[in-house]
Amino acid sequence: MDAVIFMTKSTQLDEAVKGAAPCIGPETVLVSLMNGLGNEDKLLKVAEPERVIYGSGVMGTELLRPGACEASFGIPGVQMNFGPVAKSELNDKVGKELERLFIEGGCETICWDDVKPMIWRKVIINSVFNPISALLRLKVKDFTRDMNGMGLAIATMNECIAVANKYGVPITTPELLAELKDSSGSGIQDYYPSMAQDMLMHQRQTEINTLNGAIVKYGKAVGVPTPVNTVITQMISCIQKNYDKQYKEEA
Amino acid sequence: VKFAMIGSGAAGSCFAAFLRKAGADITLVDPYKEHMDKVAADGLDFTIYPDEHYHIDGFKTAYTSRRYRHNGCSHLYDQVHAA
């Protein structure tokens, strides 16, 4: 294979990479388009930075039934962002080809020289809105209109941004909030994010470890305390391990 | 450029649909056998919400054991490799 794209659950990525060894040659480029932080680190265990591309999509997706799937562009504009871990001829060839194919296929896409700021923005936004929506059982628009809900969102965002700053992504909370207002308007507001869907509707394992869990881990590594993200991670982790024991109202 | 999509659930299938729609040579790999068999036999029905419908065929497919754990899955990847 010239390029192997990984789109597993992040918890299964290590095993998937190991399993894919037979179709990875010395010139194969590995690509992760999965949400969250640190997926590229798992690819870097088996390939050098000159053969790793990472990024993520903005659109919502659903598997309707075997042989049928649906994509929805919640907000107009660029739907896919990715870029190389390190600049190289191989990464350039695959990155440009992926960009061309996505665009020609109808999905607005950018292959960035440095995708890191995009990745961090997405992770921060997901880390703020997804678990809080899941924990409070409220749509984004409903908890952000509540003083306490919004306070929790801002406290979470402040920590995420302190960590991002340490990793060379210079943004501030007011900047990110302003960007959010400009770009998505009501788009992000009126729905239950994927983590809330996983937890409330399907009782599935969530991607907490690549979001708030990753923020905690990355924070620890550079000495940034993340108490709010730690509590959020612990709560979601405990809930998702004990769905069967949760209190349910009598029918 | 030959692509493999390891993990072709909701997101993987949609991403692959865009790529194949533009003519990419792509092999889907997923443990969900029913989905892989359906795509191999009849192609993929791809909707861009709310009302763009496409029928996309010409995918190669393979399926893996659910947790990628068994040594026995390597022959499936040989299948991918050969594709």
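List pairs: first in the stretch B:1-26 and at the interface with chain A (Cβ under 7 Å from one of its Cβ atoms), second in a helix (DSSP H, G or I) and at pLDDT below 95, Cβ under 6 Å, 6+ apart or cross-chain?
Cβ pairs passing all conditions: B:ALA4/A:CYS23; B:ALA4/B:VAL80; B:ILE6/A:ALA16.
Quick test for you: out of B:VAL29, B:VAL39, pick the one residue that is touching a residue at least 40 places away in the same chain (Cβ under 8 Å) and either more than 7 Å from every other protein chain (Cβ to nearest Cβ) or under 8 Å from the mean Cα position of the chain (by Cα) (or both). Show your work before the answer.
Working: B:VAL39 fails: touching a residue at least 40 places away in the same chain (Cβ under 8 Å).
It is B:VAL29.
Count, please, the residues in the stretch A:135-151 that happen to be free of Cβ contacts under 8 Å to residues at least 12 places away in the same chain and surrounded by 15 or more Cβ atoms within 10 Å (Cβ to Cβ). Can you show your working first?
Going residue by residue through the stretch A:135-151, those that are free of Cβ contacts under 8 Å to residues at least 12 places away in the same chain are A:138, A:142-143, A:145-148, A:150-151.
Filter once more, so that each one left must be surrounded by 15 or more Cβ atoms within 10 Å (Cβ to Cβ): A:138, A:143.
Total satisfying the criteria: 2.
Collect the residues in the stretch A:1-43 that are of a type in the set (Lys, Arg) and within 15 Å of B:GLY9 (Cα to Cα), keeping them in residue-number order.
Going residue by residue through the stretch A:1-43, those that are of a type in the set (Lys, Arg) are A:9, A:18, A:42.
Within the stretch A:1-43, A:LYS9 is the sole residue that qualifies.
Among the numbered conditions (1) part of a helix (DSSP H, G or I); (2) within 9 Å of chain B (Cβ to nearest Cβ), tell me where A:LEU90 comes up short.
(2)
Give the stretch A:208-251 a look and list any residue that's among the β-branched types (Val, Ile, Thr) and under 13 Å from A:ASN130 (Cβ atoms), or say none.
Let us first name the residues in the stretch A:208-251 that are among the β-branched types (Val, Ile, Thr), namely A:208, A:210, A:215-216, A:222, A:224, A:226, A:228, A:230-233, A:236, A:239.
Answer for the stretch A:208-251, where residues must be among the β-branched types (Val, Ile, Thr) and under 13 Å from A:ASN130 (Cβ atoms): A:ILE208, A:THR210, A:ILE215, A:ILE232, A:THR233, A:ILE236.
Specify which of the listed residues (A:ILE110, A:ILE53, A:ILE119, A:ILE154) is under 20 Å from the mean Cα position of the chain (by Cα) and at pLDDT below 95.
Details: A:ILE110 fails: at pLDDT below 95; A:ILE53 fails: at pLDDT below 95; A:ILE154 fails: at pLDDT below 95.
Within the list A:ILE110, A:ILE53, A:ILE119, A:ILE154, the selection yields A:ILE119.
Anything in the stretch B:44-63 that is among the small types (Gly, Ala, Ser) and not in a strand (DSSP E or B)? List them, or say none.
First pass over the stretch B:44-63, keeping only residues among the small types (Gly, Ala, Ser): B:58, B:62.
Once the filter is applied, which keeps residues that are among the small types (Gly, Ala, Ser) and not in a strand (DSSP E or B), the stretch B:44-63 yields only B:GLY58.
State which residue is farthest from A:ILE75 (Cα to Cα) when the search covers only the stretch B:44-66 and only residues that are surrounded by 18 or more Cβ atoms within 10 Å (Cβ to Cβ) and at the interface with chain A (Cβ under 8 Å from one of its Cβ atoms).
B:THR64
Only one of A:ASP198, A:ASP142, A:ASP113 is within 14 Å of chain B (Cβ to nearest Cβ) and not hydroxyl-bearing (Ser, Thr, Tyr). Can you tell me which? Let's see the steps before the verdict.
Details: A:ASP142 fails: within 14 Å of chain B (Cβ to nearest Cβ); A:ASP113 fails: within 14 Å of chain B (Cβ to nearest Cβ).
Going through A:ASP198, A:ASP142, A:ASP113 in turn, the sole match is A:ASP198.
Considering each of A:ILE154, A:ILE124, A:ILE119 in turn, give the residue that is away from chain B (no Cβ under 12 Å), surrounded by fewer than 16 Cβ atoms within 10 Å (Cβ to Cβ) and β-branched (Val, Ile, Thr). Outline the logic, then answer.
Details: A:ILE124 fails: surrounded by fewer than 16 Cβ atoms within 10 Å (Cβ to Cβ); A:ILE119 fails: surrounded by fewer than 16 Cβ atoms within 10 Å (Cβ to Cβ).
It is A:ILE154.
Scan the stretch A:98-115 for residues that are closer than 11 Å to A:MET80 by Cβ, among the acidic types (Asp, Glu) and either free of Cβ contacts under 8 Å to residues at least 12 places away in the same chain or not in a helix (DSSP H, G or I) (or both) and jot them down.
A:GLU108, the sole residue that qualifies.
May I ask you to list the residues in the stretch A:65-87 that are surrounded by fewer than 16 Cβ atoms within 10 Å (Cβ to Cβ), within 11 Å of chain B (Cβ to nearest Cβ) and small (Gly, Ala, Ser)?
Those that are surrounded by fewer than 16 Cβ atoms within 10 Å (Cβ to Cβ), within 11 Å of chain B (Cβ to nearest Cβ) and small (Gly, Ala, Ser): A:SER72, A:GLY74.
When you look at A:GLU159, is it acidic (Asp, Glu) and buried (at least 19 other Cβ atoms within 10 Å of the Cβ), yes or no? Walk me through it before giving the result.
Numbers: acidic (Asp, Glu): yes; buried (at least 19 other Cβ atoms within 10 Å of the Cβ): yes.
Yes, satisfied.
Checking the conditions here, which among A:THR11, A:THR61 is more than 9 Å from chain B (Cβ to nearest Cβ) and more than 23 Å from A:LYS96 (Cα to Cα)?
On the way: A:THR61 fails: more than 9 Å from chain B (Cβ to nearest Cβ).
So the residue among A:THR11, A:THR61 that is more than 9 Å from chain B (Cβ to nearest Cβ) and more than 23 Å from A:LYS96 (Cα to Cα) is A:THR11.
The values are calculated or read from the model by the stated rules, or taken from the named source; none is laboratory data. Computed from a predicted model, the values in this text were never measured in an experiment. FYI the Cβ positions are ideal-geometry reconstructions off the backbone, even for glycines, and counts take in every protein chain you see.
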